[in-house]
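In what follows, a structure is listed as structure tokens, so that the remarks can point back to it.
We did not get these values from a lab; they are worked out from the coordinates using the rules stated. Computed from a prediction, not measured in an experiment: that's the story for all the values here. In this analysis, Cβ positions are derived from the backbone assuming ideal geometry, glycine residues included, and neighbour counts consider all displayed protein chains.
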Amino acid sequence: MSWSSHLQTITALSTTEAEYVAAVDAGKDVVWMRQLLGELGFTLSAPSVLCMDNQSAISVAKNPEHHGRMKHLDLRFYWLHDVVDSGLIAPVFVPTTAQVADIFTKPLAYADMERCRSLLGVEI
């Protein structure tokens, strides 16, 4: 598990684009961790799960040809599609309400904060 919170270096023109660019950054971390585990002697036969809360961004990661609005992105962002296509990463939809990492990235109502805290196993 890894997380990061920072401003994106590009200006996204849509939510899909912003989520996809964030998924590329997360995907790079996933591949790095897979390589690290491989060097430590662990064999990973299944793809690593990449949780995303934007179904359109997942669709772009799986098949970018169907999204004309994304054609202006730099080619470096299509790296994620190649990694998904090769079977190293499997993007999975997780609804916004189930995103545990929200506790690290945004202000939450008390009930939502308690839910995330509990899911993380943090005791008061």
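With a simple spin-label model that places each label point 7 Å from the Cα along the Cα-to-Cβ direction, the separation between ASP25 and PHE93 comes to 2.5 nm. Annotation for LEU37 and LEU120: the two label points, set 7 Å from Cα along the Cα-Cβ direction, are 2.2 nm apart. Using 0.36 nm per residue and subtracting the Cα-Cα separation, the extra length available between LEU44 and LEU108 on full extension is 19.5 nm. In this structure the amide hydrogen of LEU50, modeled in the peptide plane, comes within under 5 Å of the amide hydrogens of ALA90, VAL92, none closer than 5 places in sequence on its chain.
Residues VAL49, VAL60, VAL122, VAL24 in ascending order of nearby Cβ atoms (within 10 Å, fewest first): VAL122, VAL49, VAL24, VAL60.
For the stretch 12-63, the fraction of C-alpha pairs more than 15 angstrom apart is 51%. The ranking of CYS116, CYS51 by Cβ neighbour count inside 10 Å, starting from the fewest, reads CYS51, CYS116.
When TRP32, TRP79 are sorted by how many other C-beta atoms sit within 10 angstrom of their C-beta, beginning with the fewest, the order is TRP32, TRP79.
Across the stretch 30-39, computed HN-Hα scalar couplings (Karplus, 6.51 cos²θ - 1.76 cosθ + 1.60, θ = phi - 60°) run 4, 5, 4, 5, 4, 5, 4, 4, x, 5 Hz from first to last residue, x flagging Gly and Pro.
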